[in-house]
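Asker: Before I ask anything, here is the structure I am working with.
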Amino acid sequence: MPFRARYALMSALALMTLTTTAPATAAPPPAPLDYTALGDSYSAGAFVRPWAADDGCGRSTLSYPQQTARRLNVRLTDVTCSAAEVRAGVLEPQTEFTGPPSVPPKAGWSARPAQIKAVTAATDLVTLGIGGNSVGFVDIVTKCVEQGIASFGTGSPCSTHYTRGSGTSWLDGRMAALEADFATTLKDIRTRAPHAKVAVVGYPAVVADSTGCSFGSWRQLGTITKGDMPFLDALERRVNTVLRTQAQRAGAVYVDTYTSSTGHGVCAAADQRWMYGIKDNLTGSGTQTDPPSDLCRRIPATGEACTVLHPNLQGTTHQADLVTQALTGLGATRR
């Protein structure tokens, strides 16, 4: 074989060897971060369809933990639950539930373990959104509804009861317990997951602007008087101040959902509301509904369910926007 031909053949064989050699094994993609969500119905996305209907917690697939986890591609452990309090729910087991579904099974729902147990050394991210039930917000709203009826919609009877009357010491005691229990919770999270990034999620505006509310409208605040609406707003801001202060003391990030939701509370126009009224139509995907309780049936309104001042789908999406931004700032990014 001529030299040039042998050289060409050898070169071709060498090239084939190079091109058929197995490539180096690529490094595996990093494992997704572990995200644990703790909280009450505002974190569970209660009354936003679809929700799990098996345990009374009403966790929605469109809640802010669920939306945030999908956006960031993190591994979510969601133990949020309607009616959870900081003590009876996060720090200790929970035995009382409000759904949805609002009507429990005949045997009732089983107790749920303390949410804090879901936080472990492997946890990378934690959100904590809770506190309203610890101060008895639903009880206070109920009291305001009843006193509004008794006063024929005049004055500020509920505000008087809780700021200058017999309810003052009760509410102050609840606020003090919230402060102590919330501090304990953040300390426990740090002990269980010393390397986790923690975000405390505040409550969105419910009654920040009462100008659009009408007395007797159950898609808003029912029979709560105009004079009592500033008290409810001040109470919510008082709770948020506790959450913000405790977050700062513990080195956690505070997510302010109140400021940007002002003007989208329960008194806003229907197309601007990010909040359900006391009895309202459900939002979210699908046709899932919530059979009303006997008490809910007695409310003279055509709303689909007794949603009692929770974020609707626009509200949970607004929460998710801010929580996603906060967790991204803490190092969580889509992978």
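The values are calculated or read from the model by the stated rules, or taken from the named source; none is laboratory data. The shown structure was predicted, so the numbers you read here are calculated from the model rather than taken from an experiment. FYI the Cβ positions are ideal-geometry reconstructions off the backbone, even for glycines, and counts take in every protein chain you see. Note: areas computed on protein heavy atoms with side chains; ligands, DNA, RNA excluded. Shrake-Rupley method; radii C 1.70, N 1.55, O 1.52, S 1.80 Å.
Asker: Looking at this structure, is TYR203 within 20 Å of the chain's Cα centre (by Cα), surrounded by fewer than 23 Cβ atoms within 10 Å (Cβ to Cβ) and among the aromatic types (Phe, Trp, Tyr)? Explain how you work it out, then say what you get.
Answerer: Details: within 20 Å of the chain's Cα centre (by Cα): yes; surrounded by fewer than 23 Cβ atoms within 10 Å (Cβ to Cβ): no; among the aromatic types (Phe, Trp, Tyr): yes.
When the stated conditions are applied, TYR203 does not pass them.
Asker: Can you tell me which condition GLN94 does not meet? The list is (1) farther than 19 Å from VAL138 by Cβ; (2) among the polar types (S, T, N, Q); (3) without any contact (Cβ under 8 Å) to a residue 40 or more places away in the chain, and all the others hold.
Answerer: (1)
For (1) of a type in the set (Phe, Trp, Tyr); (2) open to solvent by 40 Å² or more (accessible area, probe 1.4 Å); (3) within 30 Å of PRO105 (Cα to Cα); (4) part of a strand (DSSP E or B), each residue gets a yes or a no:
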position	(1), (2), (3), (4)
ARG249	no, yes, no, no
GLY265	no, no, no, no
ILE278	no, no, yes, no
ARG297	no, yes, yes, no
VAL323	no, no, no, no
THR333	no, yes, no, no
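Asker: Now for a separate question. Any residue in region 206-234 that is over 14 Å from SER159 (Cβ atoms) sitting within a Cβ distance under 6 Å of a residue that is part of a helix (DSSP H, G or I)? List the pairs, counting only those 6 or more apart or interchain.
Answerer: Listed by first residue and then by second, the contacts come to VAL206/GLU236; ALA208/ASP233; GLY222/VAL145; THR223/VAL145; THR223/GLY148; THR223/ILE149.
Asker: Would it be correct to say that LEU125 is in contact with a Lys or Arg (Cβ under 6 Å, 6 or more places away or on another chain) and in contact (Cβ under 8 Å) with a residue 24 or more places away in the chain?
Answerer: Details: in contact with a Lys or Arg (Cβ under 6 Å, 6 or more places away or on another chain): yes; in contact (Cβ under 8 Å) with a residue 24 or more places away in the chain: yes.
Yes.
Asker: Something else about it: Identify, please: which residue in region 75-91 is in a strand (DSSP E or B) and at negative phi and is, among those, surrounded by the most Cβ atoms within 10 Å (Cβ to Cβ)? Step through it out loud before you land on a result.
Answerer: Step one: of region 75-91, the residues in a strand (DSSP E or B) are 75-78, 85, 88-89.
Filter once more, keeping what is at negative phi: 75-78, 85, 88.
Numbers: ARG75: 14, LEU76: 17, THR77: 18, ASP78: 25, GLU85: 22, ALA88: 17.
The residue in question is ASP78.
Asker: Is region 54-74 home to any residue that is open to solvent by less than 10 Å² (accessible area, probe 1.4 Å), of a type outside the set (Gly, Ala, Ser) and assigned to a loop (DSSP other than H, G, I, E, B)?
Answerer: Looking for residues that are open to solvent by less than 10 Å² (accessible area, probe 1.4 Å), of a type outside the set (Gly, Ala, Ser) and assigned to a loop (DSSP other than H, G, I, E, B), one finds at least one in region 54-74, hence yes.
Asker: Anything in region 233-247 that is crowded, with 17+ Cβ neighbours inside 10 Å and of a type in the set (A, V, I, L, M)? List them, or say none.
Answerer: Matches in region 233-247: LEU235, VAL239, VAL242, LEU243, ALA247.
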